[in-house]
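The values are calculated or read from the model by the stated rules, or taken from the named source; none is laboratory data. Just so we're clear, the structure is a prediction, and the values are computed from it rather than from any experiment. In this analysis, Cβ positions are derived from the backbone assuming ideal geometry, glycine residues included, and neighbour counts consider all displayed protein chains. These accessible areas exclude ligands, DNA and RNA; they are computed on the full protein's heavy atoms, side chains included. Shrake-Rupley method; radii C 1.70, N 1.55, O 1.52, S 1.80 Å.
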Amino acid sequence: MNLHDIEKPLDSVNKILSFFPVSKPFLLESNAVLKLRSSDGATQKKIYFLLDGALIGYVGEGDKKQNLGILTSPAIIGIGHLGKLGAICDFESISPCLIDAIDVEQFESVINENGLWKDLFQMTLPSLTAVALRASSSGLQSAYDIVRDSLLYMEQEKAYSLKERYTVVKYLQTFSRLSRSMILKILSELKIGGFIDMENGKLIKINKKLPEKF
């Protein structure tokens, strides 16, 4: 399995959301931060419902900031607050986001009363799978493997048109540690081989199956 094969369990997400009527939605503008932890490291005791929009999850600040992945609506954020450790990452919007929120205690009560733990577990599985895949390939993935996986993900993702929002270089530099020169070298070879079409740095389409090795 690859990262681009992981699918969001929309049935479980929507089932849980159906028990929480929208109450006090707010708009998070593009490039704004949704912090799940306060500046002193204490957790914010809120569960957030991403009703519309897209966010990037990240850990760290400044030079130590590491982007983890893109979260698209519908989604439930802050499930870590149900445990002792709390949230492990914060989020930054890449599009205007419509968000609602609820106290953790109230969220947990509704989950208990309606027997929704199985759906909540199903909802967290993709994140656990992604972590396991990243851990299993840590230090083993070549630069080409990372570029290939990212191209496949950008090609298949439709909800927020990543191909239109990001140049391939910008996307890869956002979610990997690859150098610009390495990214451009690999993309150039793929274009010469007729594997991909690009325009103004953006992926237009993948023409044929990308080679397993570079």
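A few points about this structure:
- Accessible area per residue, Å², segment 7-111 with all protein chains present, probe 1.4 Å: 52 Å²
- Environment charge at residue 98 (Cβ cut-off 15 Å; Lys +1, Arg +1, Asp -1, Glu -1): -2
- Taking the longest Cα principal axis of the chain as reference, the axis of helix 143-156 is set at about 60 degrees.
- The simple Förster model, with R0 at 35 Å and r as the Cβ-Cβ distance, assigns residue 122 and residue 188 a FRET efficiency of 0.25.
- Cα gyration tensor shape of segment 15-113, rounded if a/c is under 1.5, else prolate or oblate by comparing a/b with b/c: oblate
- Within the accessible surface of the chain, defined with a 1.4 Å probe on protein heavy atoms only, the carbon and sulfur portion equals 53 percent.
- Cross-link pairs 24/170; 65/118; 45/118; 118/170 - those with Cα-Cα distance over 27 Å: 24/170; 65/118; 118/170
- Seen against the Cα atoms of the chain and their longest principal axis, helix 104-113 is set at about 80 degrees.
- Cross-link reach list, lysines versus residue 209, counting only Cα pairs under 17 Å and skipping chain neighbours closer than eight places: 191
- Structural descriptor for the chain: relative contact order 22 percent, calculated from alpha carbon pairs under 8 angstrom and at least 6 residues apart.
- The calculated FRET efficiency for residue 35 paired with residue 142, based on their beta-carbon distance and R0 = 22 Å, is about 0.05.
- Which label in (1) 1.10; (2) 0.98; (3) 0.94 gives the computed Cα Rg over 2.2 N^0.38 Å: (1)
- With Cα atoms, 0 to 90° folded angle of helix 180-192 axis to the chain main axis: 60 degrees
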